[in-house]
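Novice: Here it is, the structure in full.
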Amino acid sequence: MKHDSFLNRFSKTVFGKTSGKRDLEGENLRLRRAVEELSALNEIALTVGTSANPQDMVRRLVDCLMRAAKADQASVTLLSGQARGTPETQLRIMATSAELPRYHMNQGFLGWMELHKKPLVINDPKTDDRFKGMEWDSTINSVMCVPLMVKSEMIGALTVYNKKGGQGFTEEDQRLLPIIAAQSAQIIDNTRLIKENAGMQEQMKLAYEIQRNLLPKEPPFVEGYDLAGTTIPAQAVGGDYFDFIPTVTGDWAVCLGDVSGKGLPASLLMANVQATLRGQTLIEAKASERVERANKLMYQSTDAEKFVTLFYGVLDPDKHEMSFVNAGHEPAIFSSAGGGIERLETGGMALGVVDRFPFKQDTVTMAPGDMIVIYSDGVPDATNDTDQAFGIEKLMLLVEEHKGSPAAILIEKIVDAVNEHTGEAPQFDDVTLLVVKRIK
């Protein structure tokens, strides 16, 4: 009995201490793992938070990822913003710590991630039922992939290959990598968007310079006349167009167009309009015939929803006559030095709406002091913060009030009045003005 009692006490003492030692070692291991994870997360936070270049950020993230997961190889794949279901790789960067081939993520594998949008662990690739038929590289023993998610959309994936030591990826890995992905995804996406926006801004700046070079740098000298024009785009580039074009008959084509839409697409169409109209001045023809041909060309070369309103005039400085066609545009204002003001409306519909249209033209004779003010709808339609439009009446009053001023000064007065009216309200549309004034 005493012998049995002694053995029981000895057994409890020894094995109890052994069990406690094992618990302590396990706790130390967990604490060590937690410190490693926190260190890895801190390193990754610094990595993705201090780089302004998405490619450099991803490259540094890959190195951190490989160390954090204790993997032979790691990669980050970013997807393009194209249609989901057929994801396309925009950027893929990989790092390896061993003399192994660089693995390429299979499209089916990436498609699985896109469909399920959840972490994927494969510790025995060759027997995994989810990827039957997929040919795995013979050196791949384990794979773990985690989606990069931004607002429920997958923008890419983190992938690690071959856990060091030959073992598979653990529960700790399955906890850590999603945290890394969540920590990195939004910052990567924001940095990429900033980079793309900077590139777009540079392109818009270039488009602006190209567009400015297409417009007249200064009005031409025409004996007995004062000409001026300006355009103020609502965005970086605009869809309004004005021009002074010498014709084969010695006259001057004076035109102002307004392309449907705004921004870069409108500016591209505007360049097309300019080329079309300039081509028409090489042919001896009436104003209406030139506009009819321009309309046909615009109809054939533009989409159905695109159109152009246009005021097209031909100034004969010898006869002091302006023949004009108004193609769906704001009626120009004709102000007589002797008193009286009218709007020039004769013409037809906008260009590009139908294949053929019989445009009509009219002619006004200009005496000294007479002037024609051509404008886009961005002038009368300019609104203030109470949604009140500038209006055609106010524009006509300004024309009459400053009819004795030079053409450039009149334009300046109108632009100032429009700006004063709109105040802090954003510019709704391009503002374009062109003035033709007979001075003797």
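Novice: Convert each backbone phi in segment 114-130 into a coupling constant with the Karplus relation 6.51 cos²θ - 1.76 cosθ + 1.60 (shift: θ = phi - 60°), then list the ³J(HN,Hα) values in order as whole Hz, x for Gly and Pro.
Specialist: Using θ = phi - 60°, the values come out as 5, 6, 8, 6, 8, x, 10, 10, 10, 9, 8, x, 6, 10, 6, 5, 6 Hz.
Novice: Which loop-located GluC sites (Glu not before Pro) does segment 242-299 contain, where loop means any DSSP state but H, G, I, E or B and the Cβ has at most 11 other Cβ atoms within 10 Å? Working shown, then result.
Specialist: Values: sites: E284, E289, E292; in loops: E284.
Loop-located and lightly packed - E284.
Novice: Turning to a different aspect of this structure: Given a Förster distance of 25 Å, report the FRET efficiency between D318 and D362 from their Cβ-Cβ distance, rounded to the nearest 0.05. Don't skip to the end; give the middle numbers.
Specialist: On the way: r = 19 Å, r/R0 = 0.77.
With R0 = 25 Å, the Cβ-Cβ based efficiency is 0.85.
Novice: Sticking with this structure for a sec: How would H320, H116 line up from fewest to most surrounding beta-carbon atoms within 10 angstrom?
Specialist: On the way: H320 16, H116 12.
Exposure proxy ranking, most exposed first: H116, H320.
Novice: Same structure, new question: GluC sites (Glu not before Pro), restricted to segment 373-440: which are DSSP loop and have at most 15 other Cβ atoms within 10 Å? Mind showing how you got there, number by number?
Specialist: Values: sites: E393, E400, E401, E412, E420, E424; in loops: E424.
Passing both the DSSP loop test and the Cβ count: E424.
Novice: Okay, moving on. Starting from 0 in steps of 10 Å, tell me what percent of the Cα-Cα pairs of segment 206-438 lands in each bin.
Specialist: Computed distribution, short to long bins: 8, 34, 39, 18, 2.
Novice: Once Rh is set to the Kirkwood radius over Cα pairs, what Stokes-Einstein translational diffusion coefficient, in µm²/s, holds for segment 337-440 at a temperature of 4 °C and a viscosity of 1.567 mPa s?
Specialist: Values: Rh = 15.4 Å.
So the translational diffusion coefficient is about 84 µm²/s.
Novice: Quote to one decimal, in nm, the extra length available between E171 and D137 on full extension: 0.36 nm per residue of separation minus the C-alpha distance between them.
Specialist: Numbers: separation 34, 0.36 × 34 = 12.24 nm, distance 2.44 nm.
Gain in length upon complete extension: 9.8 nm.
Novice: Give me, ordered by chain and number, the residues 5 or more places off A332 or on other chains with an amide H under 5 Å from its own placed amide H.
Specialist: L344
Readers should treat all values here as calculations from the given coordinates under stated rules, not as data from a laboratory. Keep in mind the model is a prediction, meaning the values are calculated, not measured. With ideal geometry, Cβ positions are generated from the backbone for all residues, glycine too; neighbour counts draw on all protein chains shown.
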